[in-house]
């Protein structure tokens with residue numbers, strides 16, 4: 001590797017390649033219910049994890065681990081932890097919004113054949129990390145970049161991904177024997193899908209509409225509500 | 001839109017489309033020095049921001065804003081804030097590592113024609129957010145997903161992106177007039193590039209090597225150091 005050219009003109013993307021990247025970005029969905037039971041071949045799963053592993057990371061720290069969960073009994077247990085937390089969550093909404101919340105399916109833990117818990121080892125390369133000196137959360141953010149890489153690669157492979165965030169951290173930690181020093185960043189459900197929504201499910205189901213992009217762009221300084 | 005089919009078989013990716021997505025993932029780099037002065041056309045910048053805007057977000061909260069910074073004088077000011085913080089950062093490393101740190105170029109603030117500060121409005125859709133009830137940082141993570149979408153779309157457009165994380169939050173907040181209730185998630189440098197590294201720059205420069213993926217994958221539970 002040392003003798004290879006390390007800095008070279010960027011391999012340009014053809015128009016079709018560029019469109020493929022945008023297709024992944026625009027048609028990616030947070031899948032909760034469209035999972036098929038078909039198993040994920042090991043080589044496909046490995047491609048997804050390798051895509052995750054090629055995310056940017058602060059100081060090239062690569063703080064992530066991927067705990068792959070397949071056993072139905074274990075997914076049932078994790079679903080019960082979700083279910084308890086989801087009861088608590090529903091209680092935080094009131095009136096019509098609570099009724100609407102209860103109608104939403106918010107996870108595919110039992111239906112998706114593969115689940116992945118993505119963690120962040122805050123001390124992976126020591127205590128002082130290049131680029132993390134002034135923002136201690138940069139390693140968590142790197143781990144999120146890994147999840148987004150996996151998500152887009154999965155879309156290209158025809159695999160749906162759902163990110164479950166409704167569980168008590170302590171429950172997940174206990175069920176997967178994750179040490180206190182390791183942060184749990186995301187819990188993903190993966191599987192082939194028979195269908196995808198044309199727009200985000202929460203928009204279709206009337207929970208929240210997409211905001212106009214133009215309102216979110218500012219020039220030179222914060223231009224929103226003070 | 002209401003009469004359109006909302007749930008349909010996923011548009012499959014051809015082998016070439018799939019390869020294009022992986023090409024973006026594998027050849028994306030954190031660019032610090034290879035920026036060209038060529039301006040970014042508005043329509044291209046808008047495509048990148050629209051890609052970011054199509055990231056997943058907790059409860060479809062879309063908590064992000066994009067502050068676009070172009071003026072040289074403003075980028076100079078922000079560079080000075082980086083520079084002060086970078087002196088502090090260098091002091092946190094010792095011996096040979098500090099000397100090595102000082103040799104690295106860690107930002108392209110003045111060289112890249114466009115900078116973007118990406119923020120997160122923690123109250124965008126109210127205090128109780130679907131999916132954020134048990135992990136209050138989910139909105140920050142959504143914002144990171146937006147950054148990673150932008151980064152991959154930029155690679156497909158031939159545009160390099162560098163994520164600068166070495167600055168004091170208070171400095172950035174003051175320079176861009178960002179209110180306290182808004183979180184600053186990332187500061188990005190964007191521009192066309194004349195070259196890209198074949199591997200991560202920090203690996204090529206001997207700071208940190210890529211870890212073997214196999215060591216990062218666990219089955220069913222945490223299997224690393226307790």
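All of the numbers you see were taken from the coordinates with simple rules; none came from a lab. Given the structure is predicted, the values throughout are model-derived calculations rather than measurements. FYI the Cβ positions are ideal-geometry reconstructions off the backbone, even for glycines, and counts take in every protein chain you see.
Residues checked against (1) more than 9 Å from chain A (Cβ to nearest Cβ); (2) farther than 20 Å from residue A:55 by Cα; (3) surrounded by 18 or more Cβ atoms within 10 Å (Cβ to Cβ):
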{"position": "B:25", "(1), (2), (3)": "no, no, yes"}
{"position": "B:35", "(1), (2), (3)": "yes, yes, yes"}
{"position": "B:48", "(1), (2), (3)": "yes, no, yes"}
{"position": "B:51", "(1), (2), (3)": "no, no, yes"}
{"position": "B:56", "(1), (2), (3)": "no, no, yes"}
{"position": "B:64", "(1), (2), (3)": "no, yes, yes"}
{"position": "B:69", "(1), (2), (3)": "no, yes, yes"}
{"position": "B:76", "(1), (2), (3)": "yes, yes, no"}
The stretch B:200-226: number of residues that are under 26 Å from residue B:96 (Cα atoms) and either touching a helix residue (DSSP H, G or I) at 6+ places or on another chain (Cβ under 9 Å) or within 7 Å of another protein chain (Cβ to nearest Cβ) (or both): 12
Residue that is nearest to the chain's Cα centre (by Cα) [pool: residues in the stretch B:159-177 that are surrounded by fewer than 17 Cβ atoms within 10 Å (Cβ to Cβ), at the interface with chain A (Cβ under 8 Å from one of its Cβ atoms) and farther than 14 Å from residue B:79 by Cβ]: B:169
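Kindly indicate whether any position in the stretch A:119-132 is assigned to a strand (DSSP E or B), touching a residue at least 12 places away in the same chain (Cβ under 8 Å) and within 9 Å of chain B (Cβ to nearest Cβ).
Among the residues of the stretch A:119-132, at least one is assigned to a strand (DSSP E or B), touching a residue at least 12 places away in the same chain (Cβ under 8 Å) and within 9 Å of chain B (Cβ to nearest Cβ), which makes the answer yes.
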Residues satisfying the stated conditions in the stretch B:33-86, i.e. in contact with a helix residue (DSSP H, G or I) (Cβ under 7 Å, 6 or more places away or on another chain) and farther than 30 Å from residue A:210 by Cα: B:77, B:78, B:81
Hits in the stretch A:183-193 - residues which are over 26 Å from residue B:225 (Cα atoms) and either more than 7 Å from chain B (Cβ to nearest Cβ) or touching a helix residue (DSSP H, G or I) at 6+ places or on another chain (Cβ under 8 Å) (or both): A:190, A:191, A:192
Number of positions in the stretch B:145-182 that are in contact with a helix residue (DSSP H, G or I) (Cβ under 6 Å, 6 or more places away or on another chain) and in a strand (DSSP E or B): 1
Of the criteria (1) touching a helix residue (DSSP H, G or I) at 6+ places or on another chain (Cβ under 9 Å); (2) in contact (Cβ under 8 Å) with a residue 24 or more places away in the chain; (3) not in a loop (DSSP other than H, G, I, E, B), which one residue B:109 fails: (3)
